[in-house]
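Everything on this sheet refers to the single structure shown next.
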Amino acid sequence: MRYKASISYDGSKFYGFQRLKNKLNIQETLEKALTKINKSLVVVKGAGRTDRGVHAYNQMIHFDLNVNIPKDRLKNAINSLVEPHIHVNYCEKVDNNFHARFSVITKTYQYVINMGEFDALDDDYLYNYCHKLNIKKMKNKVIIIELIIVLITIIIPVIIYVKDIELNFMI
């Protein structure tokens with residue numbers, strides 16, 4: 001049975017979402033808990049990957065289990081094995097065609113910049129910046145970056161296509 005779950009986590013305690021050898025990460029922590037519950041290997045797929053220190057409030061994951069567990073009991077079982085730094089907000093059974101990465105409709109990223117008084121307790125959860133921001137200059141840079149992204153998405157595939165044709169002629 002395939003399950004979808006919403007998870008939240010404090011990324012300051014992990015080396016990111018993706019499985020990394022000998023590094024504490026979200027994916028492997030969840031897989032160990034689910035494998036214990038399932039009594040056989042479980043692979044977790046996420047809607048995306050976060051880097052070291054990045055937090056999530058509502059990241060979607062999916063996994064397949066051989067056991068049929070009511071969603072509330074499953075949520076509680078996972079949380080008992082992964083808390084305090086990871087929390088399953090909810091989980092539910094889904095169609096086997098559901099994929100956490102490819103079925104996602106939107107993603108929201110939030111960046112918090114503190115330009116006020118420094119607070120040591122918030123340091124892992126925001127960026128402390130003690131200078132005034134030039135919002136107009138930032139907006140202009142965003143337009144340039146967006147233009148570069150558009151150009152890259154058009155030019156790189158054309159270059160690859162042209163190089164592929166050149167290689168075919170050389171052979």
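The values are calculated or read from the model by the stated rules, or taken from the named source; none is laboratory data. All figures in this text were calculated on a predicted structure; none of them were measured in a lab. Heads up, the Cβs are rebuilt from the backbone with ideal geometry, glycines too, and the neighbour counts pull from every protein chain shown. Ligands, DNA and RNA are stripped out before the accessible areas are found, and what is left, the full protein with its side chains, is counted by its heavy atoms. Shrake-Rupley method; radii C 1.70, N 1.55, O 1.52, S 1.80 Å.
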- Item | Cβ-Cβ under 6 Å pairs, at least 6 apart or on other chains, segment 96-125 side closer than 23 Å to Asp10 by Cα and of a type outside the set (Ser, Thr, Tyr), far side assigned to a loop (DSSP other than H, G, I, E, B) and at pLDDT 80 or above | Ala100/Ala47; Arg101/Ala47; Val104/Ala47; Val112/Leu126; Ile113/Tyr129; Asn114/Leu126; Met115/Tyr129
- Query: Can you name the residue in segment 66-125 that is part of a loop (DSSP other than H, G, I, E, B), polar (S, T, N, Q) and modelled with pLDDT of 85 or more and, of all such residues, is farthest from Leu34 (Cα to Cα)?
  - Reply: Ser103
- Among the candidates Ala47, Ala56, Ala5, which residue alone is at pLDDT 95 or above, aliphatic (A, V, I, L, M) and at negative phi? Ala5
- Item | segment 1-18 - residue that is open to solvent by 30 Å² or more (accessible area, probe 1.4 Å) and not in a strand (DSSP E or B) and, of those, farthest from Tyr109 (Cα to Cα) | Met1
- Quickly run through segment 19-57 and pick out the residues that are buried (at least 16 other Cβ atoms within 10 Å of the Cβ), of a type in the set (S, T, N, Q) and part of a loop (DSSP other than H, G, I, E, B). Asn25, Thr50
- Take segment 109-145 and flag every residue that is closer than 15 Å to His55 by Cβ and open to solvent by 100 Å² or more (accessible area, probe 1.4 Å). Tyr109, Gln110, Tyr111, Leu121, Tyr125, Tyr127
